[in-house]
1. Per 0.36 nm of contour for each residue apart, how much would the distance between GLU139 and LYS126 grow if the chain were fully extended, relative to their Cα-Cα spacing?
2. Counting other C-beta atoms within 10 Å, which of VAL111, VAL53, VAL91 has the fewest, and how do the rest follow?
3. Figure the gain on full extension for TYR35 and LYS149 (residue separation times 0.36 nm, minus the Cα-Cα span) and round it to one decimal in nm.
4. Compute the Cα gyration tensor for region 13-149, then decide on rounded, prolate or oblate, letting a ≥ b ≥ c be the square roots of its eigenvalues: rounded whenever a/c is under 1.5, prolate when a/b is larger than b/c in the other cases, and oblate in all that remain.
5. For a test of the definition: using alpha carbon positions, the gyration tensor, and the 1.5 limit on a/c, classify region 56-122 as rounded, prolate or oblate.
6. Quote the FRET efficiency, to the nearest 0.05, computed for ALA48 versus MET116 with a Förster distance R0 of 22 Å and r equal to the Cβ-Cβ distance.
7. Pull out the extension gain between SER60 and LYS105, defined as 0.36 nm times the separation in residues minus the alpha carbon to alpha carbon distance; nm, one decimal.
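Please treat every number below as a calculation from the coordinates, not as lab data. From a predicted model like this one, the values you see are computed outputs, not experimental measurements. For neighbour counting, all protein chains shown are included, and Cβ atoms are generated from backbone atoms with ideal geometry for every residue, glycine included.
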Amino acid sequence: MQRRFLNQLALAVALAVPYAAMAAKPVVEVYKTEYCGCCKHWIKHLEANGFTVKATDVESPGDYREKFGMAKKYGSCHTGKVGGYALEGHVPASEITRLLTEKPKAVGLAVPGMPMGSPGMEGERKDAYDVLLVQPNGEATVYKHYQGK
Ligand SMILES: [Cu+2]
């Protein structure tokens with residue numbers, strides 16, 4: 001009887017672990033315009049990678065970009081916030097996870113413009129693009145380079 005209980009307990013723990021791991025990922029706040037299609041595709045990409053997304057339609061996502069301290073020159077179609085960091089544009093989930101693990105001193109990550117082939121911008125073409133780690137003074141370093149093809 002007791003052994004059976006322990007087996008069931010072990011099973012319950014095994015089942016609970018993946019959920020606990022997912023719950024550990026913080027919520028990504030996203031600010032976008034109502035009509036932005038690629039923004040929705042990017043949100044789906046984040047959700048498919050275990051993030052919870054709280055999206056808000058706004059008149060001007062640029063106001064939020066400014067509020068979050070992200071330099072205008074890195075601007076894209078949507079602005080987000082996660083774990084105290086700003087996210088600008090079509091930033092891949094893998095770099096967001098890395099950011100939250102490494103916790104560097106920075107404003108956040110940006111993929112300026114809307115490069116073809118970035119998450120949410122899938123199509124016939126795949127352009128090379130950089131995920132930038134942006135500093136409060138507006139300078140940036142390449143956090144990850146994606147090859148085009
Ligand atoms: Cu876009």
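1. 2.1 nm
2. VAL53, VAL111, VAL91
3. Working: separation 114, 0.36 × 114 = 41.04 nm, distance 2.91 nm.
That works out to 38.1 nm of additional length.
4. rounded
5. Oblate shape, in that a/c is at least 1.5 and b/c is the bigger or equal ratio.
6. On the way: r = 19 Å, r/R0 = 0.89.
The value I calculate is 0.65.
7. 13.5 nm
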